[in-house]
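Colleague: One structure, as structure tokens, below. Some questions next.
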Amino acid sequence: QVQLVESGGGLVQAGGSLRLSCAASGSIFTFNHMGWYRQTPGKQRELVASITTDGRTNYADSVKGRFTISRDNARNTMYLQMNSLKPEDTAVYYCRGQNTRQFWGQGTQVTVSS
């Protein structure tokens, strides 16, 4: 059982930056797909960005050009660099890893003030 723990969330002004981390208790080398998702009250959880084992990335249109996803298999950690943050980026951000099963973190709150 792999546990994922997010960190790096917080309160930031619009235009600012945050870097989220997702640390795994075990190896993420077998995770063929990892991603960051976000959710606001009353809405479905949505994909923000994803990355495969070989480094292919995918981004939601709303974050393209502002967010960058990366993974460090040696450190068993995935990152999300968020720049030019907007109030509409406010949400709880979750990380997810998938091999034959899927694993979710507990979430970290990101709040962007206008």
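The values are calculated or read from the model by the stated rules, or taken from the named source; none is laboratory data. Predicted model only: the values in this text are computed from it and were never measured. Quick reminder, even Gly has a Cβ in these numbers, built from the backbone with ideal geometry, and neighbours come from all protein chains shown. Accessible surface areas use protein heavy atoms only, side chains included; no ligands, DNA or RNA. Shrake-Rupley method; radii C 1.70, N 1.55, O 1.52, S 1.80 Å.
Colleague: Need the failing condition index for residue 73 against (1) in contact with a strand residue (DSSP E or B) (Cβ under 8 Å, 6 or more places away or on another chain); (2) touching a residue at least 12 places away in the same chain (Cβ under 8 Å); (3) under 19 Å from residue 21 (Cβ atoms), just the number.
Modeller: Here residue 73 meets the rest and fails (1).
Colleague: Hey, another quick one. Check off (1) in contact with a helix residue (DSSP H, G or I) (Cβ under 7 Å, 6 or more places away or on another chain); (2) open to solvent by less than 50 Å² (accessible area, probe 1.4 Å) for residue 105 and give me the number that stays unchecked.
Modeller: Result: residue 105 passes all but (1).
Colleague: Return yes when residue 92 is of a type outside the set (Phe, Trp, Tyr), touching a helix residue (DSSP H, G or I) at 6+ places or on another chain (Cβ under 9 Å) and in a strand (DSSP E or B) and no when it is not. Spell out the reasoning first.
Modeller: Working: of a type outside the set (Phe, Trp, Tyr): yes; touching a helix residue (DSSP H, G or I) at 6+ places or on another chain (Cβ under 9 Å): no; in a strand (DSSP E or B): yes.
Answer is no for this residue.
Colleague: Let me spell it out: the conditions are (1) touching a residue at least 12 places away in the same chain (Cβ under 8 Å); (2) assigned to a loop (DSSP other than H, G, I, E, B), and residue 79 meets all of them except one. Which number is the exception?
Modeller: (2)
For (1) modelled with pLDDT of 95 or more; (2) open to solvent by 20 Å² or more (accessible area, probe 1.4 Å), each residue gets a yes or a no:
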| position | (1), (2) |
| --- | --- |
| 72 | no, yes |
| 85 | yes, no |
| 96 | yes, yes |
| 101 | no, yes |
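Colleague: While we're on this one: Restricting attention to the range 58-70, which residues are surrounded by 14 or more Cβ atoms within 10 Å (Cβ to Cβ) and farther than 16 Å from residue 93 by Cα?
Modeller: Passing the criteria: only 58.
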